[in-house]
Amino acid sequence: MSTYLQAFPTTLRPTSPRTAELDRLGDEIAELSAHLDAATARLLALIREFDARGGWNTGFRSCAAWLSWRVGLDLGAARERVRVARALAALPALAEALARGELSYAKVRALTRVATAETEARLLAVGRAGTAAHVERIVRGWRRVDRQAEAREAARQHAGRALHVYQDEDGTVVLRGRLAPEVGALLLRALDAAGETLYQRRRATQAVPPVGDSASEAPTRAQRQADALALLAETALHHELDPGAPGERYQVVVHVDAAVLADPDEPGQSLLEDGPHVSAETSRRLACDASRVVMRHAEEGRVVEVGARTRTIPPALRRALQHRDRCCRFPGFNVRVGQGHHVRHWA
């Protein structure tokens, strides 16, 4: 028995000029995108070095503020560039992949939110295999797993808070301590405010100092900080430790994306202005009793709308709260009402 295989003629259709032209355009787009990513890697390396050497410390509050002024970036985008630049210092494989054009900046930006030295290789493989949207989903899931680790880190910072005050042999008092990020930011704002008050007082009362009078020389920054701390203590005792409305005393700016307030698992920023990252849970807790300003951004980061500052607990509601409760309602805390919080976070 014989088997016959029928031969089908193979027809090769020549590529049309239009298809060839589109292929060439697509290749050029991909090549230029790779060059842009490589240039971005170089830019981030320069930003990291500039930041580390304090090149922005010429009247600007942070490297992001300088970058926004010098390059014209939106401040939020500038903060993100600085964050990614700092993160890549400890993630050489991701930095090299960006420099070679293997990963886009969008992918690297997402991966640096969760990558560590131990997980860098795995996440690099994810970045190479998936689209930017796929990488975002992976990072979102990864952050959900890391929420417990973040909560443990926040608890560790809270448990590690300490302030040591002791008197030295010459009678001076020495301070040494460690504060949680948001509390430290509050202290720094208070010291800035007290320092400005002292400066204005000196300007109003001090005549032009005589030349060569060393006693009239301007105090150093450390001396100004010590004077500011003294003013804070004096003011607190004068007002019987009554700080007033908590939302007004917290002049600490926290930048939080709306998506993060709604769901801590969502990607986005949650950080102190010109300061470190804080957990999404901390931002949600602070948002319960503070002033808020809603800012809307276009897709490229440009600010398109800035709302008026509002209070999450308005004065009338606070007065009603104080009249009703008189003191803290938490069991065992019979102290005057200090803060107003929601049973479920306002966010």
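Quick note: the coordinates plus some simple rules give every number you see, no bench work behind them. Predicted model, so just to flag it, every value in this text is computed and none were measured. Every residue, glycine among them, receives a Cβ derived from its backbone with ideal geometry; neighbour counts consider all protein chains shown.
The equivalent ellipsoid of the stretch 34-136 has semi-axes of 25, 13, 12 Å, largest first, where each one is the square root of 5 times an eigenvalue of the Cα gyration tensor. Would you please give the FRET efficiency between His134 and Ala159, computed as 1/(1 + (r/R0)^6) with r the Cβ-Cβ distance and R0 = 45 Å, to the nearest 0.05? With R0 = 45 Å, the Cβ-Cβ based efficiency is 0.75. Positive-end ranking of Leu73, Ala85, Ala38 along the dipole of the stretch 32-88, with charges on Cβ about the Cα centre, is headed by Ala85. From most to least packed by mean Cβ count within 10 Å, the peptides 34-47, 221-234, 72-85, 100-113 give 100-113, 72-85, 34-47, 221-234.
If I take every Cα pair under 8 Å that is 6 or more residues apart in the stretch 62-111, average their sequence separation and divide by the length, what percent do I get for the relative contact order? With pairs under 8 Å counted, the relative contact order is 23 percent. Kirkwood's formula applied to the C-alpha pairs of the stretch 32-82 gives a hydrodynamic radius of 11.3 angstrom.
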